[in-house]
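Visitor: Quick one: this structure, given as structure tokens, is what I'll be asking you about.
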Amino acid sequence: MGKVKDFGQDLRELYDKLEVGIVIYDVKGDDTDIVYVNKFLCEFITGETMEAGSSNWSYEGKGPSEYVYPKDMKKYKKQFLDSLIGDGEFSEEIRLMRKDGSFTWFKVRIYSLANDGETKQVMVSFDDVDKATKRREELKRRVDYDPLTGIFNKEAFYRHTEKMLKANPDVQYVMIRWEIAKFKMINTLFGSEVGDRVLKKMAEAVKLAEGIGTYGHLEADHFVMCLPLSNVDFDNLLRKDAIDFDDLGISHKIVSNIGVYIIDEPDLPVDQMCDRALMALKNIKGSYKSSFAIYDDEIRKNMITEQIIQDRMDEALECGEFEVYLQPIHSLSHNAVASAEALVRWNYKWKELMSPGIFIPIFERNGFIAQLDMYMFESVCRILKDRKDKGLEEIPISVNASRRTLYDRDFCSKVNAITEKYGVEPHLLKIEITETAYTDNPQQLLEIVNELKEVGYPILMDDFGSGYSSFNILKDIPIDMLKIDLKFLEGFEKGGKVGTILTSVLRMARWLGISVIAEGVETDEQRAFLKSITCDFIQGFVFSKPMPVAEFNKYAAQEGGMER
Ligand code: C2E
Ligand code: MG
Ligand code: MG
């Protein structure tokens, strides 16, 4: 390497013609001396124009904080100066500032020019890479940020949250997930432009976590925050109107539901933490009382049960794990078994019988109920045929049809095919429907019921009075029987209001030519009262719990000996 030169005029004139920043340093030990700064760079930093060959460093005495962008100062001081003093390579992007504070990205490289043993001369070049870098930064921003709300998207939120949790192992964090209630409806009623504004508002709300924790837009109307527990104001979260949506100028009151997971397993992947907050959220969906729930193990267990049920249901149906239980329905006037209700039981392999209260709602959600109901219809027809083949007395059996089942256009023809297959007379197969089917689509329910009645299947209205449209059903749907469940009539006692209601309903039913079954009858007192008001039929533990078919056959044979 050659000797250190005095930096002559000829080189100055040459370098001043370049569209690249050039700085020449003389480095002696730890001392760095700027020998020359070319015109391009001087003009950039000072904002003044200069003649070629006349440029010189007029920033003498001023520190790099005058021209290095603050966020890059660390990089400049550590990496750049170290490389300058040592013999290190340097090829990095650094932002230089103009006097007005605006900045440009430069690719900075260091070249050794000469070394005489005591002093080394170093050239540093500054290539303007502003456009390319800014484009790259913008792309990065677009990858990390949700374009509508401008906050972190799912992936970026996961990444940053994981980093935050790892960096602060001693802090107790909370995952808070928000969902805008009835967001689809808002979009449909007020248009997507209003929907977008709601989302932006929501994003503003989660931005409150700025500087305390992380926040992001997970998907559609779901937002999330991860905060230290000590920063969470639960009282404020609990307020349904914590976020002010009023200035949107729409008539609908917008509220958000909140699911909280107190992070007790910080090593869990962040997406699973968000799932737990979601589980808590799902737990409150549809509840008018609360808009806030904290995830606990009970919720997780229920979710796991739901998952197992979903995974196993098809196989269970194929393997005959679903069994028909029959619960007798007694005639009060004749004191004998008048009919029975078929209730499904799941002989679950590693659990004892699972209650339909657990799996039926899940099947109603996932649609499997339609298959299960048809299975029950077929099983019941087989039982009826079997009883006939054995010469047993004809006892009608009712089967529950969920609303999904009823809304199958071919429902009636499917039932016909089954009854024909087993030679079952339609009046022996009763069909129980519930109010929800009516609430969903009264017209369609009427058509289905008419079709079924025309063939001769009796129609029962189950759980009468448990919904909002009981009397409309009576008015619109030609049903044959009402079932009133005493559990919906809390505080049953003779002579009280409940007694009066029951008496009135019975009287009304009689006028309409409809008979009444009281179900859920547990005590002799209830039975005696129902008899005194001449209720037609009783179903309940006071007589018998639902039982397997063979047991029912025995039971019915005994009871059948009574006067009918
Ligand atoms: P549901 O159709 O109203 O059936 C009556 C429920 O009350 C049955 O519960 C029965 O065991 C219970 N029960 C009967 N007598 C008494 C009593 O004296 N006291 C009390 N506390 N309860 C009594 P289960 O078998 O658990 O069935 C619950 C619900 O699940 C049924 O209510 C019905 O809605 C549904 N379900 C059962 N099997 C089927 C089915 O095959 N298909 C459909 N779609 N739903 C079904
Ligand atoms: Mg029923
Ligand atoms: Mg019922």
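Visitor: With the requirement that a residue be away from ligand 2 (no atom under 16 Å from the Cβ), of a type outside the set (Val, Ile, Thr) and farther than 17 Å from residue 467 by Cβ, what does the range 420-443 give you? Full working, then the answer.
Guide: Restricting attention to the range 420-443, the residues satisfying the condition of being away from ligand 2 (no atom under 16 Å from the Cβ) are 420-428, 439-443.
Subset that is of a type outside the set (Val, Ile, Thr): 420-423, 425-428, 440-443.
Across the range 420-443, the qualifying residues are 420, 421, 422, 423, 425, 426, 427, 428, 443.
Visitor: So, in the range 359-390, exactly how many residues are more than 13 Å from ligand 1 (Cβ to nearest atom) and outside any helix (DSSP H, G or I)?
Guide: Residues flagged as more than 13 Å from ligand 1 (Cβ to nearest atom) and outside any helix (DSSP H, G or I) within the range 359-390 amount to 1.
Visitor: Only residues that are within 16 Å of ligand 3 (Cβ to nearest atom), modelled with pLDDT of 85 or more and at positive phi: list them for the range 448-479, please.
Guide: 463 - this is the single residue of the range 448-479 that is within 16 Å of ligand 3 (Cβ to nearest atom), modelled with pLDDT of 85 or more and at positive phi.
Visitor: For the range 81-101, give me each residue that is of a type in the set (S, T, N, Q) and either in contact with a Lys or Arg (Cβ under 7 Å, 6 or more places away or on another chain) or part of a loop (DSSP other than H, G, I, E, B) (or both). It would help to see each step written out before you state the result.
Guide: The first filter runs over the range 81-101 and keeps only residues of a type in the set (S, T, N, Q), leaving 83, 91.
Passing the criteria: only 91.
Visitor: Counting only residues that are buried (at least 17 other Cβ atoms within 10 Å of the Cβ) and not polar (S, T, N, Q), which one in the range 283-293 is modelled with the lowest pLDDT?
Guide: As a first pass, look at the range 283-293 and keep what is buried (at least 17 other Cβ atoms within 10 Å of the Cβ): 283-284, 291-293.
Narrowing further to those that are not polar (S, T, N, Q): 284, 292-293.
On the way: 284: 76, 292: 73, 293: 79.
Out of the qualifying residues, it is 292.
Visitor: Step by step: first the residues of the range 115-152, then only those that are farther than 26 Å from residue 44 by Cβ and small (Gly, Ala, Ser), then the one that is surrounded by the fewest Cβ atoms within 10 Å (Cβ to Cβ). Which residue is that?
Guide: So, considering only residues that are farther than 26 Å from residue 44 by Cβ and small (Gly, Ala, Ser), the one surrounded by the fewest Cβ atoms within 10 Å (Cβ to Cβ) is 117.
Visitor: Tally the residues that are acidic (Asp, Glu) and touching a Ser or Thr at 6+ places or on another chain (Cβ under 6 Å), restricting the search to the range 521-541. Don't jump to the end; show me each part of the working.
Guide: Of the residues in the range 521-541, the ones acidic (Asp, Glu) are 522, 524-525, 536.
Filter again for touching a Ser or Thr at 6+ places or on another chain (Cβ under 6 Å), leaving 536.
Final tally of qualifying residues: 1.
Visitor: May I ask you to say which residue of 396, 356 is under 20 Å from residue 520 (Cα atoms) and within 11 Å of ligand 1 (Cβ to nearest atom)?
Guide: On the way: 396 fails: within 11 Å of ligand 1 (Cβ to nearest atom).
Exactly one of 396, 356 is under 20 Å from residue 520 (Cα atoms) and within 11 Å of ligand 1 (Cβ to nearest atom), namely 356.
Visitor: Testing residue 500 on (1) surrounded by fewer than 18 Cβ atoms within 10 Å (Cβ to Cβ); (2) in contact with a Gly (Cβ under 9 Å, 6 or more places away or on another chain), one condition comes back false. Which one is that?
Guide: For residue 500, the failing item is (2).
Visitor: Can you name the number of the only condition in (1) in contact with a helix residue (DSSP H, G or I) (Cβ under 6 Å, 6 or more places away or on another chain); (2) modelled with pLDDT under 95; (3) away from ligand 3 (no atom under 16 Å from the Cβ); (4) not in a loop (DSSP other than H, G, I, E, B) that residue 393 fails?
Guide: Only one criterion is unmet by residue 393, namely (4).
Visitor: Here's something else I'd like to know. Restricting attention to the range 338-350, does a residue exist that is touching a residue at least 12 places away in the same chain (Cβ under 8 Å), in a helix (DSSP H, G or I) and within 16 Å of ligand 2 (Cβ to nearest atom)?
Guide: Within the range 338-350, the first condition is being touching a residue at least 12 places away in the same chain (Cβ under 8 Å), and the residues that meet it are 338-349.
From what is left, the residues that are in a helix (DSSP H, G or I) are none.
The answer is no, given that none of the residues of the range 338-350 is touching a residue at least 12 places away in the same chain (Cβ under 8 Å), in a helix (DSSP H, G or I) and within 16 Å of ligand 2 (Cβ to nearest atom).
Visitor: Further question on the same structure: Quick one: residue 401 ticks every box in (1) of a type in the set (Gly, Ala, Ser); (2) farther than 27 Å from residue 555 by Cβ; (3) within 35 Å of the chain's Cα centre (by Cα) bar one, so which box is it?
Guide: (2)
Visitor: Failed condition for residue 114, given (1) touching a strand residue (DSSP E or B) at 6+ places or on another chain (Cβ under 6 Å); (2) at pLDDT 85 or above, with all others met?
Guide: For residue 114, the exception is condition (2).
Visitor: Still on this structure, I have one more. Are any residues in the range 493-525 in contact with an Asp or Glu (Cβ under 9 Å, 6 or more places away or on another chain) and more than 13 Å from residue 481 (Cα to Cα), and if so, which ones?
Guide: 493, 494, 498, 499, 520, 525
Visitor: Same structure again: Scan 385, 430, 421, 414 and give me the residue that is in contact with a strand residue (DSSP E or B) (Cβ under 9 Å, 6 or more places away or on another chain), among the charged types (D, E, K, R) and in contact (Cβ under 8 Å) with a residue 12 or more places away in the chain. Give the steps one after another, and end with the answer.
Guide: Working: 385 fails: in contact with a strand residue (DSSP E or B) (Cβ under 9 Å, 6 or more places away or on another chain); 421 fails: in contact with a strand residue (DSSP E or B) (Cβ under 9 Å, 6 or more places away or on another chain); 414 fails: in contact with a strand residue (DSSP E or B) (Cβ under 9 Å, 6 or more places away or on another chain).
Criteria check complete, one pass: 430.
Visitor: Would you check if residue 224 is surrounded by 21 or more Cβ atoms within 10 Å (Cβ to Cβ), under 22 Å from the mean Cα position of the chain (by Cα) and either at pLDDT 90 or above or not hydrophobic (A, V, I, L, M, F, W, C) (or both)? Walk me through how you get there before you give the answer.
Guide: Working: surrounded by 21 or more Cβ atoms within 10 Å (Cβ to Cβ): yes; under 22 Å from the mean Cα position of the chain (by Cα): yes; either at pLDDT 90 or above or not hydrophobic (A, V, I, L, M, F, W, C) (or both): yes.
Criteria met by residue 224.
Visitor: Filter the range 165-213 down to residues that are touching a strand residue (DSSP E or B) at 6+ places or on another chain (Cβ under 8 Å) and among the basic types (Lys, Arg), then give me how many there are.
Guide: 2
Visitor: For residues that are within 16 Å of ligand 3 (Cβ to nearest atom) and touching a helix residue (DSSP H, G or I) at 6+ places or on another chain (Cβ under 7 Å), tally how many sit in the range 520-542. I'd like the intermediate steps shown before the answer.
Guide: From the range 520-542, those within 16 Å of ligand 3 (Cβ to nearest atom) are 520-522, 526, 530, 535-542; that's our starting set.
Keeping just the survivors that are touching a helix residue (DSSP H, G or I) at 6+ places or on another chain (Cβ under 7 Å) gives 520-521, 526, 535, 538, 542.
Count: 6.
Visitor: For the list (1) within 13 Å of ligand 1 (Cβ to nearest atom); (2) modelled with pLDDT under 95; (3) aliphatic (A, V, I, L, M), I need the number of the one condition that residue 445 fails.
Guide: Checking residue 445 against (1) within 13 Å of ligand 1 (Cβ to nearest atom); (2) modelled with pLDDT under 95; (3) aliphatic (A, V, I, L, M), the one that fails is (1).
Visitor: Just the residues that are of a type in the set (S, T, N, Q) and either within 14 Å of ligand 1 (Cβ to nearest atom) or farther than 14 Å from residue 505 by Cβ (or both), please, taken from the range 449-476.
Guide: If we filter the range 449-476 for residues that are of a type in the set (S, T, N, Q), which is where we start, we get 450, 466, 469-470, 472.
Selection gives 450, 466, 469, 472.
Visitor: Looking at residue 488 and the list (1) within 32 Å of the chain's Cα centre (by Cα); (2) more than 14 Å from ligand 3 (Cβ to nearest atom), which single condition is not satisfied?
Guide: The failed condition is (2).
Visitor: Moving on to the next point. Could you give me the residue pairs with C-beta distances under 7 Å whose first residue belongs to the range 536-550 and is in contact (Cβ under 8 Å) with a residue 12 or more places away in the chain, whose second residue is within 12 Å of ligand 1 (Cβ to nearest atom) and of a type in the set (Ser, Thr, Tyr) wherever it lies, and which are 6+ apart or on separate chains?
Guide: Listed pairs, sorted by first residue: 542/523; 546/325; 547/325; 548/325.
The values are calculated or read from the model by the stated rules, or taken from the named source; none is laboratory data. Everything quoted here is computed from the prediction, not taken from an experiment. In this analysis, Cβ positions are derived from the backbone assuming ideal geometry, glycine residues included, and neighbour counts consider all displayed protein chains.
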